[in-house]
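The structure appears right after this line, and notes come after that.
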Amino acid sequence: MTTIPLGPSPAVRAAAVRRGRLLNRLTIGWNAVEGIVAVAAGVAAGSVSLVGFGLDSGIEVSAALILAWRLAQEHGQGCTQDADRRATRAIALSFFALAAYVGVESTRDLVGQAEPEASFPGIVLAGLSLVVMPVLARAKRKVAPVLGSRAAVSEANQTSLCTWLSAVLLVGLAANAALGWWWADPAAGLGIAGLAAVEGVRTWRAESLADTCCD
C-alpha cells in the first residue's frame, strides 16, 4: 500500500522557508526606504495621505519582522500553531493602529480645510510602489501555502494592501497637483484608513491554513 504524503517534503519546505526569509528581507529593505521618503515628503507638503502611506510602510516593516520571528521559530523549534497565531494577531493590530491614526488625521484636515502642497516626489514614489508591491505580494502568496502559515498569508495580504494604498495615494496626490483639489489628499487618507481597518478585521479573524505542518 502506497502512503500519500500529506504535505510538502522536508526539502521543499526548507526551500520555501529560505525563499520566505529572502522575500522578507527585500520587504524590509524596500519599505524602510519607502517609509522614510514618504514621511519626509508628506511632512514637507503637509500631506496626510503621504504621511499615512509612509507609516504603512513602517508597519509593513514591523509585519515583516514579525514574520521573520515566525520563520525563526520554525527553524529553531519546528512549526507551531501558537507562534503562528501570535504573529497573525500582531499583524492585525498593526492594521488597526494605522487605520485609527490616518482616519483621525484625515478627518481633521477635511474639517479644517487644510490645503497640502503638491508633492512630486510623493507621486513618483507612489508610482514605483504600484509596480514593486504586486510582484512582491505574488511571490509571497506562492510561498505561504507551502509554509502552511496564516502569518505568511497575512503578511502577503498586507503587501497586496500596499498596492491598493499606492493607487489611492497616487490618485489623491495627482488630483491635488494637477487640479488643485486639496480635499483629494485627506479623502485619499480616509481611503487608506478604511482599507487598513478592513484588512485588520480580516487578519484578526483568520484561521490556520488547513494544509499545514502546524499541529
Checking Leu98 against (1) at pLDDT below 85; (2) over 14 Å from Val48 (Cα atoms), only one condition comes out false. Which one? (2)
Identify the residue in the range 176-195 that is without any contact (Cβ under 8 Å) to a residue 12 or more places away in the chain and in a helix (DSSP H, G or I) and, among all such residues, is nearest to Gly58 (Cα to Cα). Ala178
Name every residue in the range 132-162 that is at pLDDT 80 or above and either of a type in the set (S, T, N, Q) or not in a helix (DSSP H, G or I) (or both), in order of residue number. Thr159, Ser160
Of the residues Ala44, Ala72, only one is in a helix (DSSP H, G or I), modelled with pLDDT of 90 or more and surrounded by fewer than 16 Cβ atoms within 10 Å (Cβ to Cβ); which? Ala44
In the range 133-191, how many residues are within 20 Å of Thr107 (Cα to Cα) and β-branched (Val, Ile, Thr)? 2
Is it the case that the range 94-107 has a residue that's under 28 Å from Ile66 (Cα atoms), part of a helix (DSSP H, G or I) and among the charged types (D, E, K, R)? yes
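The values are calculated or read from the model by the stated rules, or taken from the named source; none is laboratory data. Note that the coordinates shown come from a computational prediction; the quantities given were computed from them, not determined experimentally. Note that we place each Cβ from the backbone using ideal geometry, even for glycine, and neighbour counts take in every protein chain shown.
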